[in-house]
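Remarks on the structure that follows.
The values are calculated or read from the model by the stated rules, or taken from the named source; none is laboratory data. The structure displayed is predicted, hence computed values, not measured ones. With ideal geometry, Cβ positions are generated from the backbone for all residues, glycine too; neighbour counts draw on all protein chains shown. Heavy atoms of the whole protein, side chains included, go into the accessibility calculation; ligands, DNA and RNA do not. Shrake-Rupley method; radii C 1.70, N 1.55, O 1.52, S 1.80 Å.
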Amino acid sequence: MDRAVPHSSLARTLVRFRWPLLFAAVAATAALYFPAQRLAFDRSIENMFAPDDPILAPFRKLKRTFGGDEIALAAYADPDLLTTGGLARLEEVTADLARVPGVRQAFSLSTVKRFLTSPLFAPLKPRLLELSEGYTIGADRHTAGIVCVLVPEHESPVPRSETVDALRKQIESHAPDGVLTGEPVMVVDGFRFLEDDGRLLGGVSTVLLMLTIVVCFRSLRWVVVPMAVVGSTLIWTQAGLVGSHLHLSLVSSMLWAIITVIGVATVLHLVVSFREYRTEGMSPRQALELAGERLGTPIFWACATDAAGFASLMVSHVGPVHDFGLMMLVGSLLSLVSIAMVVPGLSLAGRFDSDPRRAWGEHRLDFGLRHLAAAIERWPWALAALCTVVSVVCCLGIAHLEVETDFTKNFRDTSPIVRAYEFVESRLGGAGVWDIVVPVPDDHVAEFLDKVTRLEERLRNEVKVVNAAGSTEPGLTKVLSAVDALELVPFGRIAAGRQLESTLAAAGQTMPIVQALYGRDPLDDDRLYLRIMLRAKERQPSQQKHALVAQVTRLSREAFPKAEVTGFFVLLTHLIESITRDQWLTFGVASAAIFAMMLVAFRSLPVALISLVPNALPILIVTGLMGWLRLRINMGAAMIASVSMGLAVDSSIHYITAYRRHRAEGLSTGDALHAVHQSVGRAMVFSTLALIVGFTALALSRFVPTIYFGVLVGLTMFGGLVGNLLILPLLLKLVDRSPQPSSYPEASTSQEGACADGV
C-alpha cells in the first residue's frame, strides 16, 4: 500500500509552512489576549428573552411607568420588633442600608414609626400593619423587612455587585440571621458564581485534562499541543465576540467547555494516527503529513457538523441562546483554523519528547476493543436487540420530564441566596414578586376604584393552588394596591374619586411603598396607571406557577380587559420554558443539517442515516433517564440536545471514514471493523476519557446548571462512545451486506482517493 503523500496535499502544505503559521498564531493570540479579556456578561434577566417576545411588552411598560428602580429586600427576625427598642434598632438598620452607595432609598416600619407609637394614630395601626404585612413585617410580627430601592445600574456610582455585597454585609452585621433577597441580588450572585467558575473550573479542568493526556500518551509535548489549540481558539473567539459587541449570558457561560471538547477530541485523533505511523518507522514529518492527509477530510466534516449543531441554536426565539449558537459557530470554525496553524509547528518543534507513547495498561484496551469487535461479528442480532430494548425503555422516560422554574434551584442549597429565599418564603409570605398593571380611566374614577377593590378580593379568595398535602390553599400570599392605602388618608376614597394622584401622594407620606403603586406611561400619552402588587411562593413546581399566572390573568381581564400581568415572577416562570420550548426544535434542525452534511460527505443515504443513530440515541437516553429519575430540566440540561448532537457525530465521521477506507483497501467487513476499533476506536476512548475527566471539575460549580451541563455532557459523550463502538458497527454491518470492496464506488481508487471519496 502506497504511503506517500501527494505533493499538492493540504497536509504537506501546512507542514511545509508550519513555522510561519505557528508564528502567525502566536502573534494573533498575543495581540488579541487583552481585547478578549473585555468580554463581559449581560446581567439582565430581561435580555434572556428575544427582543420581540410578547412577554416583554408589559414588563417594559411596568418599568417605564413605575420607574426602572430595582428592589432588594433585607430581612431579619426580632422578637421585640414592635417595641420602642425594636423600632429604634430597625431605624438604625434602615439608615445604614440607605447610606450604601447605589441605594436610592430604604424604607421599613421605622419610616412610619410615629404612626405605630403615637396614641393619636392608634386607630390606624392595625390597618397599617396589615397593609405592610409581607413587605416590611411578617405575619408573625417578629420579622422585619427593609425595602432597598436601588439606583438603576447605568446611573449607579458603583457596580451593582458592590452595592449588593455592601447591603448583605450591613444586614448580617446587625443581625446574625439577616438575609438579602431580590431579583438584582439573585442575578449578581448567579453571575458572580459563573465568573468565579470560569476562573477556577477552567484551571481545574485544564489540569485534569493535561494529567489524563499525560497518562494516556506519557508525553508532555502532546499535552501542550491540544491545550495550545484550545487556548488560542478561546482567545480568538472571545476577541471576536468583543468586536461584535456580543456578551456572555447565563447560557453562554459554557463557551470554554465546548471549545475544549472540539479542540481536545480532534487533536487526540491526530495523536493516535501519528503514533501509529511512527511505530511503522516513519519520520515525525512523514507521520504527521500522512496522519493529516488521512484525517484532514474527517476533521473538516467534524468541525462542519459541530458548526451545524451550534448554528441550529440560531433558530431559537431566546436571544442569548441565539447568540450562543452564533458564538459557537464562530468558535467551531476557529478551532479548525487553530488546528491547521498550531498543530504542525508544535508537533515537529525540536526532538524533545516528540513521540506519544502507549499508556500504562493499554494492552488491556487492545484486548477489550478486539473482543468487542469480535462480539459484534459473532452476535450482531442479539446485541442489536439488547440495545433496542435498553434504548426504548430509557427513552420512555422523556414523557415524565418536568421543567425547573424555581430560579433559586440554580444555586446550591448552602448558598446565601437560597438561605435568604427560604427565610423570606417562610416568614414574609413568599419571594415571588409580580404585578397587574391597570389603566386608570379619565372619568368615573370612584367606580374604577370599586372595581379594583373587588378584583383584589377575588384574587385573595379565588386564586388557589394545591399544596404538598393535596389540599387547596390561597395561591397569593399578598395582594396590595394603592387603593388599599387610601383609607390611611382622611376621606381617602372620596378624595381619590375627585383627585386620585394628589390623594395617593398624601397616602405615600404615611406608607412610602404607595409611591411605587401609581405612575404615568410616557409612551402612552402620559396615561395614568395603577399596579396591583402580588406575592407568591417562589419555590413551587412549574405547572403550579403557570396555573397561578393563568388564574390571575383570567380574573384581571374579566375586571379590566386591558389589564396586563407581568413582573419578575412571570418572567422567571417563563425563562426556562423559553429555552426548553425550542430544545426539540433546535435538536431537529441540528439533526437535519448534520444529516444533509453526512449525505454530501458520504454520498450514501443509508450511511448518512446510520451516522445519526449512535449519536442521537445517547441524547434521548440521557434525557429519558432524567425523566425516570424525576430530575427537572434546567438551563444546563436544556442546551444538551442540540449541542451534543453536533459534538457526538465527530467520532462517527472518523469511524465511518476509516471503515470505508479499509473496505476500499480490500478488507472484509469483519476485518475492517477490527482495524477501525484498534485505530479510531482507540482515539475515541482516549479523547472521551480525557473530556469526561476534565468535565468532572464542573461538578464543583456553585451554579447548578453548570453542574448539570458538565455531568450531562460527560454522560452523553460516554453514550456516544458506546454508540460509536457498538451500535454504529452493527448498523454498518447491516448496510454493508456485501463482503466485496466493489460495493463501494471508491474501491478502485488509491487510498487517498478512497478516503476523499468516502468523505
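Please go through the range 560-661 and write out the trypsin sites (Lys or Arg not before Pro) that DSSP classes as loop and that have at most 12 other C-beta atoms within 10 Å.
Of the trypsin sites (Lys or Arg not before Pro), the ones in loops of the range 560-661 whose Cβ has at most 12 other Cβ atoms within 10 Å are LYS562, ARG630.
Whenever you get a sec, line up TYR135, TYR33 from highest to lowest accessible area (probe 1.4 Å, protein heavy atoms).
TYR33, TYR135
Please report the net charge: other residues with Cβ closer than 12 Å to the Cβ of ARG16, K and R +1, D and E -1.
+2
Report the Cα centroid-to-centroid distance between the range 189-212 and the range 501-545 in angstrom, as an integer.
A separation of 42 Å, based on Cα centres.
Among all lysine pairs in the range 450-559 that are eight or more places apart or on different chains, how many have alpha carbons less than 15 angstrom apart?
Details: LYS464/LYS478; LYS464/LYS537; LYS464/LYS545; LYS478/LYS537; LYS537/LYS545.
Lysine pairs, 8 or more places apart or on different chains, close enough: 5.
Enter the accessible area of MET626 (Å², nearest 10), with the probe set to 1.4 Å and all protein chains included.
10
Express the relative contact order of the range 159-234 as a whole percentage, based on alpha carbon pairs under 8 Å and six or more residues apart in sequence.
The value is 17 percent.
Hey, what did the chain get for relative contact order, percent, Cα under 8 Å, at least 6 apart?
Values: 1249 pairs, mean separation 144.0, N = 759.
Answer for the chain is 19 percent.
Filter the GluC sites (Glu not before Pro) in the range 275-325 to those in DSSP coil with at most 16 other Cβ atoms within 10 Å of their Cβ, and list the result. Before the final figure, lay out the partial values.
On the way: sites: GLU276, GLU280, GLU289, GLU293; in loops: GLU280.
The qualifying sites are GLU280.
Which entry is the computed Cα extents along the principal axes in Å for this structure: [x] 104, 50, 48; [y] 88, 74, 57; [z] 75, 58, 57?
The value computed from this structure is option [x].
Which helices count as membrane-span-like in the chain under these terms: full DSSP H, at least 30 Å along the axis by C-alpha, Kyte-Doolittle mean of -1.0 or more?
Span-like helices, by this rule, are 183-217, 221-243, 255-279, 284-311, 319-348, 605-628, 640-664, 669-695.
Reachable aspartates and glutamates from LYS733, Cα under 19 Å, same-chain residues fewer than 8 places away excluded?
GLU377, GLU665, ASP671, GLU746
What number comes out for the charge environment of LEU90, summing +1 per Lys or Arg and -1 per Asp or Glu over other residues with Cβ under 12 Å away?
In short, -3.
Going from most exposed to least, what order do LEU585, LEU90 have by accessible area with a 1.4 Å probe?
Sorted by accessible area, descending: LEU585, LEU90.
What FRET efficiency do you get for PHE367 and ASP524 if R0 is 60 Å and r is their Cβ-Cβ distance, rounded to the nearest 0.05?
The value I calculate is 0.20.
Once the other residues with Cβ under 15 Å from the Cβ of LEU81 are scored (Lys, Arg +1; Asp, Glu -1), what is the net sum?
In short, -2.
Would you work out which of PHE17, VAL261, ALA485 lies farthest towards the positive end of the dipole of the chain? Charges go on Cβ: Lys and Arg +1, Asp and Glu -1.
PHE17
Could you tell me the distance between the Cα centroids of the range 48-104 and the range 668-735, to the nearest Å?
Between the Cα centre of the range 48-104 and that of the range 668-735, the gap is 49 Å.
Output the relative contact order of the range 1-124, whole-number percent, from Cα pairs under 8 angstrom with separation of 6+ residues.
On the way: 36 pairs, mean separation 12.4, N = 124.
The normalised contact order for the range 1-124 reaches 10 percent.
Tell me, what is the 1.4 Å probe accessible area of ASP671, in Å² to the nearest 10?
90
Can you sort GLU404, GLU487 by 1.4 Å-probe accessible area, starting with the largest?
Descending order: GLU487, GLU404.
Counting only protein heavy atoms and a 1.4 Å probe, tell me what percentage of the range 368-424's accessible area is made up of carbon and sulfur.
Carbon with sulfur: 68 percent of the solvent-accessible area.
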